[in-house]
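What follows is a single structure, written as structure tokens, with notes after it.
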Amino acid sequence: MVQYKKYILGPFQNNSYLIIPENQSGCAIIDPAIGCQKIIADLKKSGLGLSQIWITHAHFDHVAGIETLMNAFGDSIPIYMYPLDLRLWEDGGGIREIGLTVDIRQFPSLPLDDNQILPLGSDRFRVLHTPGHTSGHVVFHCADEKLAFCGDLIFQNSIGRTDLENGNFETIIQSIKTRIFTLPNETRLLCGHGPETTVECEKKGNPYFKNTGG
Ligand SMILES: [Zn+2]
């Protein structure tokens, strides 16, 4: 049974997730944010290695910790991202829009594909392409554990912003309806910010779907 640990990190209160496979072999980190020294310390203390970095989308607050991870574990750790977010990555992940700059030395090394299976130890995650917040946004879904790591697609009673570059309101609504609301009701949604929720809670309570029969 895969385990995970949630860390709330950095000035944007990002949720970064450490995914620990059943056989305790190399872990994955989803969306390493500013301040991921905490995760590094936990990994080193427990003797667990880091084998991969999974990115839900290229906004800078979800990738800003990669440099720190590389410094701790080496440059060869693969970074998985959906290719449609590559331009956003190259543009600094939207950081210039708030008047800051960031140096992103690394580039995603492995392009994700829709419905691709990512094995982690004996566990399996499926990649769900869910555009709307950004065009290359993905969700990592573990059907066996009924877990979905949702990035900035959906939040408790809310959805991701669609007013930024590559955002689209109709598209995000479609992504949630077709890729999230089709998962089992009890599936836990681990969001990129804020508390976790479930498919059932959002179908019933999310105001963006109240009048759509979603
Ligand atoms: Zn975002």
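Count of the stretch 1-60 residues, restricted to those that are among the aromatic types (Phe, Trp, Tyr) and open to solvent by 20 Å² or more (accessible area, probe 1.4 Å), is 3. For the stretch 70-120, the candidate set comprises residues that are at pLDDT below 90 and at positive phi; within that set, the residue that is nearest to the chain's Cα centre (by Cα) is Gly93. Looking at (1) open to solvent by 10 Å² or more (accessible area, probe 1.4 Å); (2) assigned to a loop (DSSP other than H, G, I, E, B); (3) among the polar types (S, T, N, Q), find the lone condition where Asn71 falls short. That leaves (2) as the condition not met.
Close contacts from the stretch 46-59, counting a first residue that is within 14 Å of Pro32 (Cβ to Cβ) and small (Gly, Ala, Ser) and a second that is part of a strand (DSSP E or B) and open to solvent by less than 10 Å² (accessible area, probe 1.4 Å), with Cβ to Cβ under 7 Å and a gap of 6+ residues or different chains, come to Ser51/Cys27; Ser51/Ala28; Ala58/Met81.
The values are calculated or read from the model by the stated rules, or taken from the named source; none is laboratory data. Note that this is a predicted model, so its numbers are computed, not measured. Heads up, the Cβs are rebuilt from the backbone with ideal geometry, glycines too, and the neighbour counts pull from every protein chain shown. Heads up: the accessible areas ignore ligands, DNA and RNA and are worked out on the full protein's heavy atoms, side chains in. Shrake-Rupley method; radii C 1.70, N 1.55, O 1.52, S 1.80 Å.
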